[in-house]
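A.B. asks: Take a look at this one; I'll ask things after.
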Amino acid sequence: MRAVTPAPGAPRAPIARGRWIWALSGVVTIGLLAIPTVGFLLGTSSGPALSAQPQHIAMQTVTIGQPVTSVDMETYGASALVATGPVHSVQVTETIAYDSQDARPPAVTDSVAAGRLTLAAPACAASNCTVGLTVIVPAPGDVAVIAQSDGGTVTITGIGQANVNSDGGPVRATGIRGPLTVATEGGTLTLNGVRGPLRADTGGGSLTAQDMGRAATSVTTDGGNADIEFAAAPANASVSTGGGGAQLEFAVPPQAVTLNTDGGPALVTVPGGPYALTTGTGGGPQIIAIATDPGAARSISVTTDGGPLQIAPSN
């Protein structure tokens, strides 16, 4: 059995260990044709596929008895989820898939040092295994999360701040109060209720965001579409789609907006006005239906390089 490693000099706290769950009297062995079922169980997405070998699946739940202020996790192609829940201590559910030729599942690190919980299975970096992780933290969820999924789905809900790299897997983040940094490398990105500064690069994946806050927003999609609804006026909104379409909707007059679509269509809707407006469509059609003034305190700059542009008042 693994033991949680306390911070240097700190007393060792007891940890309630979950028992391994083996289905069908010992081991779930799934043959080649059932490998998609393994992906379903582990919540994998477009990440590295398990090799054409029968797979064992094992699960356990670990209760972390020490205070946790940050979580650093890697899943090697399986899903990752962090959310708040009705718990007094952090609870981690591990779902491990590994080669049937191995007698035991790979060792999973679940150590705490200076408030940092590390969840990883170093053996999976070079072998055929994945570790799906579900982490439930006590409310109000004031933790920082670093998540690396190597293609697996990542879901972060109700957390203080997060830094996510999914390597192609889809990412969903909801109710993030502090800074959020996301790189999906082609995976889709879905956001709702992000209140802190946002830095997102989807590498070609589409971005859909609703109920965004007033903090600065920087988005790059490299060809993916960007559809963003701001519930508050951001200090600065910068969006570059690299050929994808962009639709930005503001419920409150924004301070400064910069949008570049590199040929993609652009639609911006804003309330009030006037705005200091700069556009560059490269010969593409444009419709401007808002009040403009070069001396206005609020500014909008849109470049489409041939794509159609429309700037309209919000309903």
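All of the numbers you see were taken from the coordinates with simple rules; none came from a lab. Model, not experiment: these values are computed from the prediction. All Cβ positions, glycine included, derive from the backbone under ideal geometry; neighbour counts span all protein chains shown.
A.B. asks: Rounded to the nearest 0.05, what FRET efficiency do Ala291 and Ala113 give with R0 = 45 Å and r taken as the Cβ-Cβ distance? Could you check?
C.D. replies: For Ala291 and Ala113, the calculated efficiency is 0.20.
A.B. asks: Starting from 0.36 nm per residue, how many nanometres of slack lie between Asp227 and Ser89 once their C-alpha separation is accounted for?
C.D. replies: Additional length available on full extension: 46.0 nm.
A.B. asks: Would you be so kind as to identify which of Ser111, Asn165, Pro140 lies farthest towards the positive end of the dipole of the stretch 87-238, taking Lys and Arg as +1 and Asp and Glu as -1 on Cβ and the Cα centre as origin?
C.D. replies: Pro140
A.B. asks: Something else: For Gly152, what charge total do you get from the other residues with a beta carbon under 13 Å from its beta carbon, if Lys and Arg give +1 and Asp and Glu give -1?
C.D. replies: Charge balance in the 13 Å sphere: -3.
A.B. asks: Excluding Gly264 itself, what net charge comes from residues whose Cβ is under 15 Å from its Cβ, given Lys and Arg +1 and Asp and Glu -1?
C.D. replies: Around Gly264, the surrounding residues sum to -4.
A.B. asks: Would you work out the relative contact order for the stretch 188-315, in percent, from Cα pairs under 8 angstrom that are 6 or more residues apart?
C.D. replies: 19 percent
A.B. asks: Just grab the label-to-label distance for Ala235 and Gln101, each label 7 Å out from Cα along the Cβ direction, in nm (one decimal).
C.D. replies: For the pair Ala235/Gln101, the computed spacing is 5.5 nm.
A.B. asks: Shifting gears a bit: For the stretch 94-102, in order, what is each residue's ³J(HN,Hα) by Karplus, 6.51 cos²θ - 1.76 cosθ + 1.60 with θ = phi - 60°, in whole Hz (x at glycine and Pro)?
C.D. replies: Ordered by residue, 3J(HN,Hα) equals 10, 10, 10, 10, 8, 4, 5, 6, 8 Hz.
A.B. asks: If you don't mind, another one. Quote the charge dipole size of the stretch 188-315 about the Cα centre in Debye, to the nearest 20; the model charges only the Cβ of Lys and Arg (+1) and of Asp and Glu (-1).
C.D. replies: 300 debye
A.B. asks: Quick one: 3J(HN,Hα) in Hz for the stretch 267-277, Karplus 6.51/-1.76/1.60 with θ = phi - 60°, rounded, Gly and Pro as x.
C.D. replies: Along the stretch 267-277, the couplings run 10, 10, 10, 9, x, x, x, x, 10, 6, 10 Hz.
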